[in-house]
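Enquirer: Got a structure for you, written out below as structure tokens; questions coming shortly.
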Amino acid sequence: MNDNSSDTLSNQSPNQNQISDEMVQLRSLLFGMESEQLDELHKRLKTPKIQPEDISCILPEAVMLGTTDGNKLGEAIVPTVENAVRISVEQDLNVLSEALFPILGTAIRKAIASALEETIQSLNQTLNHSLSLQSLKWRVEAVQTGKSFAEIVLLRTLLYRVEQIFLIHKQTGLVLQHVVAPLVITQDPDLVSGMLTAIQDFVKDSFTLKKGDGLQSLQFGELTIWIEEGPLAVVAGIIRGNAPQEFRGVFQDTIAKIHLKFHQELRDYNGNSELFLPSKVYLENCLQAQYKSSTKKKYNYVGMLSGLSAIALSIWGFFYVRQQLRWNAYVHHLNSLPGIVITKAERQNGKYLLTGMRDPITGDINPISQQFQINQDDIKATWEYYLSLEPEIATKRAKERLKPPNTVFLQTTPDGTLQVSGSASNQWILTTRRNWHLIPGVNQLNEQGLVDDNLQKLQFYERQIEQEMFFFAEGKTEFIPGEVDKLKKLASDFQNLIKTAQSLQKRVDIKIIGHASNSGTEAQNIVLSQTRAQKILGYLKSDGFKNIKIQTVALGSRKPLNPQAQTEALNLNRRVSLEVDIFDQKNLN
């Protein structure tokens, strides 16, 4: 409309204005809501800002649609979710922990219960394999075969175990994935795959097979290879033992799931095996094992432990009783020794306590405990010293005080008599006679069996001299050959005799007796025998024996060695012999 029209309207009559207002009102009634919507659309077109209300309406549906299109939406919102969780934890730790507690608490309890159950089961199995008679047989077998005990247990308790699983591309024969059970020695997967492919080709080429048929298993000693074929891939498993045929269903499910999940990757396979890493989850499900179930006989471990405790107690009791018997024998032996009196003997806290009296002369008694296999460090002894009058102790005390030579034997009788026997020097004998009464437990001395060493020596030298004879030529005073050498020995015997006699306060008289044969007259024989005796006397005096009373006697032929002797024996009568007389100087005075 223009200005002219406005003016025209203003100049209209009231009736016309009323009609105009009614038209406006009618238009509002007919088109009022549409007009408002048009105005709203007009506003939004002029301001193209996205409104939150609009997003809130379509966001849930958009998220639901986004999850069906791969993982793009999840990857996109991961940083946002992580940041939101981090901010929530920083602001209030309790919010997230309280929200997760019902889930984590249940999961933790289940994990602990599962771990405890596995521990108990492992303990039962360990006890089974350690305490049973069968386990002992297996240990012997392990020693005999050179295998470890674990290997023997595995071989004897294993029903079957899947040790390796191969996922093989059917067209190329290449290994896509390979999983192995724990503690299993593996071979090169490609070699195994090549072997299986070659064997399958051989079977197909050599035998008439129906479509879809193929090699399903191979046997190698204790190992069996199960093969499950799919359209594009093959699952092969190496099994130790004899797996039930029902277990083959696990292989069949696995190959089916792999074809379902990786159908496109298998069809377009170009040598990149990393695309099949997620398939390990399915393959590892095949690594199963089953062991022989334990016999229905339930081991009563309480009884077994009680039995072991009884055995241990018996062993301990044996050693305790044995040690107690040793201790009793030791105490009895000590109490039987002279000079020792045991008043109390007991055992406390593994130690041995001794109380008693002991004569100091008994000496060191510690080595005695070793005879009874008792450690001396375990013995604590408390002794009171006293003077014992027992004969054995008196003898020991006499030996300590008198110090007898090895040739003297001492013994004390129950009545206190010290008996001395053997031989000793005159000085020791005199000392013993002076000191024996100072020995406790000795009342008198008996030396009847004791011989003076010097007296024996004196008697010995006396016999030596009296047995000596010097022979002369017939009718002469010259020695026959060899007799001169005897003079030196005679002089030595004389010297020892005189020295020994002086120590005994005795005097020695010597007689040199000359003899002759009956070949001449008796007067001649007397003179000749005297001359021969004087010759021996002269030799002795020349050796320094001047202050000794030496007498010469001439017997001629009156005292022959053998009156009935032949001529050859008569030569023995032409000799000089000696006699020794020993006198006690006390008697002479």
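The values are calculated or read from the model by the stated rules, or taken from the named source; none is laboratory data. Just so it is clear, the model here is predicted, and its values are computed rather than measured. Ideal geometry is used to build each Cβ from the backbone, glycine not excepted, and the neighbour counts take in all protein chains shown.
Enquirer: Do any helices (runs of 4 or more DSSP H) entirely within the stretch 370-482 hold 1 or more residues that are small (G, A, S), and if so, which? Write out each step before concluding.
Expert: Details: elements: 391-402, 426-435, 453-467.
Filter on the stretch 370-482 gives 391-402.
Enquirer: I've got another one for you. Taking the conditions exactly as written (outside the structural domain of Q444 (by TED's automatic domain parsing) and in contact (Cβ under 8 Å) with a residue 12 or more places away in the chain), does Q324 satisfy them or not? Steps first, answer last, please.
Expert: Numbers: outside the structural domain of Q444 (by TED's automatic domain parsing): yes; in contact (Cβ under 8 Å) with a residue 12 or more places away in the chain: yes.
For Q324, the condition - outside the structural domain of Q444 (by TED's automatic domain parsing) and in contact (Cβ under 8 Å) with a residue 12 or more places away in the chain - is met.
Enquirer: Looking at E462, E474, E447 in this structure, which one is within 30 Å of L561 (Cβ to Cβ) and in contact with a strand residue (DSSP E or B) (Cβ under 6 Å, 6 or more places away or on another chain)?
Expert: Values: E474 fails: in contact with a strand residue (DSSP E or B) (Cβ under 6 Å, 6 or more places away or on another chain); E447 fails: within 30 Å of L561 (Cβ to Cβ).
E462 is the lone residue from the list that is within 30 Å of L561 (Cβ to Cβ) and in contact with a strand residue (DSSP E or B) (Cβ under 6 Å, 6 or more places away or on another chain).
Enquirer: Tally up the residues in the stretch 532-552 that are among the hydroxyl-bearing types (S, T, Y) and either modelled with pLDDT under 85 or farther than 18 Å from N496 by Cβ (or both), please.
Expert: The first filter runs over the stretch 532-552 and keeps only residues among the hydroxyl-bearing types (S, T, Y), leaving 539, 542, 552.
Cutting the leftovers down to either modelled with pLDDT under 85 or farther than 18 Å from N496 by Cβ (or both) gives us 542, 552.
Counting residues in the stretch 532-552 that are among the hydroxyl-bearing types (S, T, Y) and either modelled with pLDDT under 85 or farther than 18 Å from N496 by Cβ (or both) gives 2.
Enquirer: Between G441, G422, G416, which is within 27 Å of D584 (Cβ to Cβ) and either not hydrophobic (A, V, I, L, M, F, W, C) or not assigned by TED's automatic domain parsing to the domain that holds K488 (or both)?
Expert: Of the residues listed, the single one that is within 27 Å of D584 (Cβ to Cβ) and either not hydrophobic (A, V, I, L, M, F, W, C) or not assigned by TED's automatic domain parsing to the domain that holds K488 (or both) is G422.
Enquirer: Return only the number of the condition from (1) without any contact (Cβ under 8 Å) to a residue 40 or more places away in the chain; (2) in contact with a strand residue (DSSP E or B) (Cβ under 9 Å, 6 or more places away or on another chain) that L504 does not satisfy.
Expert: (1)
Enquirer: Pick from the stretch 349-369 the residues that are among the aliphatic types (A, V, I, L, M) and in a helix (DSSP H, G or I): which of them is farthest from T395 (Cα to Cα)?
Expert: Once the filter is applied, the top-ranked residue is I368.
Enquirer: Can you pull out the residues in the stretch 348-384 that are out of contact with any Leu (no Cβ under 9 Å at 6 or more places or on another chain) and acidic (D, E)?
Expert: Listed by number, the residues that qualify are D364, D377, D378, E384.
Enquirer: Could you tell me how many of the residues in the stretch 153-169 are farther than 16 Å from Y282 by Cα and at pLDDT 85 or above?
Expert: Initially, the stretch 153-169 is screened for residues farther than 16 Å from Y282 by Cα, giving 153-161.
Applying the additional criterion that residues be at pLDDT 85 or above yields 160-161.
Number of matching residues: 2.
Enquirer: Still on this structure, I have one more. For the stretch 215-272, which strands (runs of 3 or more DSSP E) that fit wholly inside it have 3 or more residues that are β-branched (V, I, T)?
Expert: Strands (runs of 3 or more DSSP E) meeting the threshold: 223-229, 233-241.
Enquirer: Return the residue satisfying two criteria in turn: it lies in the stretch 372-413 and is assigned by TED's automatic domain parsing to the domain that holds L334 and free of Cβ contacts under 8 Å to residues at least 24 places away in the same chain, and of such residues it is nearest to L337 (Cα to Cα).
Expert: Here the residue is Q376.
Enquirer: I need a count of the residues in the stretch 223-272 that are farther than 21 Å from L287 by Cα and either surrounded by 17 or more Cβ atoms within 10 Å (Cβ to Cβ) or touching a Cys at 6+ places or on another chain (Cβ under 8 Å) (or both).
Expert: Looking only at that region, the number is 4.
Enquirer: Being surrounded by 15 or more Cβ atoms within 10 Å (Cβ to Cβ) and polar (S, T, N, Q) is the filter; apply it to the stretch 356-374 and report the residue that is farthest from Y386 (Cα to Cα).
Expert: S369
Enquirer: Looking at the stretch 425-450 only, could you name the residues that are under 26 Å from D581 (Cβ atoms) and buried (at least 17 other Cβ atoms within 10 Å of the Cβ)? Walk me through it before giving the result.
Expert: We begin by selecting, within the stretch 425-450, every residue under 26 Å from D581 (Cβ atoms); these are 425-427, 429-430, 450.
Within the stretch 425-450, I429, L450 meet the criteria.
Enquirer: If you don't mind, there's one more thing I want to ask. From the list V321, V331, which one is assigned to a helix (DSSP H, G or I), at negative phi, surrounded by 11 or more Cβ atoms within 10 Å (Cβ to Cβ) and not aromatic (F, W, Y)?
Expert: When all the criteria are applied, what remains is V331.
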